[in-house]
Amino acid sequence: MIFFDMDGTLAKFYYHPQYLELMYEQGYFRNLQPYKLADYANNLAASGIPVAILSACIDSPYCEQEKRAWLKQYLPAIDENHYIFTRAGENKAEAARKYMEQFGEECKGSNLFLVDDYGKNLEQWENGTGDYRYFPIKYFNGINGTKKKKYKYSFKTIKQFEKLISTRFWVK
Ligand SMILES: [Mg+2]
């Protein structure tokens, strides 16, 4: 299963200098522009690859509903059952494990990929628990990556991502 983060990975979240305040306003999440990666992720899902959304929501009445509407517009091939929303600061590996457990024995031993722009989420992913293998994949979106941290799996362009997943594709 490939899990995609939204803010800063599928959606251009940081483009407005006042995003920290604006994100609490109605329409902020709904009107974000997509990265090309959104289209690519949608195509993966449409071609039958197991894809899920794993995104944190802030404490705002608009956030989750607007993210759902945004996903329906830009990634229509992903089923709503594959949306996982966490609270900001929650461990994404834990949320993914709980999500996978609903599929029971059949999915034990699965490879779980997280495509995310945020290092802390990827670190936690690396230490995910349960009967799964966790592969963190860093997306360099042109804004992040200022700490110069090295990642085993990372990409900047769609081409690089394509190569990465075609050579490491043990998804089940
Ligand atoms: Mg993000």
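Brief remarks on what is shown
- The requirement of being touching a residue at least 40 places away in the same chain (Cβ under 8 Å) and aromatic (Phe, Trp, Tyr) is not satisfied by residue 62.
- Residue in segment 46-57 that is out of contact with any Gly (no Cβ under 9 Å at 6 or more places or on another chain), hydroxyl-bearing (Ser, Thr, Tyr) and assigned to a loop (DSSP other than H, G, I, E, B) present: yes
- Taken over segment 1-18, the criterion of being within 9 Å of the ligand (Cβ to nearest atom) and not in a loop (DSSP other than H, G, I, E, B) is satisfied by 7, 11.
- The one condition from (1) under 12 Å from the mean Cα position of the chain (by Cα); (2) open to solvent by 80 Å² or more (accessible area, probe 1.4 Å) that residue 41 does not meet is (2).
- Contact map, segment 17-32: first residue closer than 20 Å to residue 74 by Cβ, second residue open to solvent by less than 100 Å² (accessible area, probe 1.4 Å) and of a type in the set (S, T, N, Q), Cβ cut-off under 8 Å, separation 6 or more or different chains; pairs are 23/60.
- Among the residues of segment 116-168, those that are open to solvent by 70 Å² or more (accessible area, probe 1.4 Å), within 25 Å of residue 106 (Cβ to Cβ) and at pLDDT below 90 comprise 166, 168.
- Condition broken by residue 110, with the remaining ones in (1) more than 13 Å from the chain's Cα centre (by Cα); (2) open to solvent by 10 Å² or more (accessible area, probe 1.4 Å) satisfied: (2)
- Hey, residue 113 of a type in the set (Phe, Trp, Tyr), assigned to a strand (DSSP E or B) and within 16 Å of the ligand (Cβ to nearest atom) or not: yes
- Criterion applied to 24, 28, 62 was being within 16 Å of the ligand (Cβ to nearest atom) and open to solvent by 10 Å² or more (accessible area, probe 1.4 Å), and the one residue passing it is 28.
The values are calculated or read from the model by the stated rules, or taken from the named source; none is laboratory data. None of these values were measured; they are calculated from a predicted model. Please note: Cβ atoms are built from the backbone with ideal geometry, for glycine as well, and neighbour counts cover all protein chains shown. Areas reflect the complete protein model, heavy atoms only, side chains present, ligands, DNA and RNA absent. Shrake-Rupley method; radii C 1.70, N 1.55, O 1.52, S 1.80 Å.
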